[in-house]
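For reference, the structure discussed in these notes is given below.
The values are calculated or read from the model by the stated rules, or taken from the named source; none is laboratory data. Since the structure is predicted, the reported quantities are computational estimates derived from the model, not experimental observations. Counting neighbours? That spans all protein chains shown, and the Cβs are built from the backbone with ideal geometry, glycine included.
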């Protein structure tokens, strides 16, 4: 999948039913940080969650089996991310392209940081904080 250079924000959300319509709420921080404007129209792409079980036999996937994808990050890369959750060991967790998990120690949920990828494995990467980023920047 190619991601456009015009991408303004990327977040995970649930689809909810409200008054006969289905709604995906945009977090306030995406409006602030992504340069979005209330009342404007934007294109939206919807991708399955990494937790979605695509092997459900009740709805077989007609696509041919694809080769496993390589991790979307490499050691030494820097990314500015928001810590989405805290893991069982107390490390921060975020997701990057394709929902790929990056674990970052010494961070707090909701914190925005620039990290450097230090170790990449098949299904997870580890990173260290390079800079703590203010939401006002």
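With respect to the numbered conditions (1) in contact (Cβ under 8 Å) with a residue 60 or more places away in the chain; (2) surrounded by 19 or more Cβ atoms within 10 Å (Cβ to Cβ), which one is the sole condition not fulfilled by residue 84?
Result: residue 84 passes all but (2).
Quick one: which of 108, 122, 97, 128 is within 14 Å of the chain's Cα centre (by Cα) and either assigned by TED's automatic domain parsing to the domain that holds residue 83 or surrounded by fewer than 12 Cβ atoms within 10 Å (Cβ to Cβ) (or both)? Quick ask: steps written out before the conclusion?
Details: 108 fails: within 14 Å of the chain's Cα centre (by Cα); 122 fails: within 14 Å of the chain's Cα centre (by Cα); 128 fails: within 14 Å of the chain's Cα centre (by Cα).
None of the other options fit; the residue is 97.
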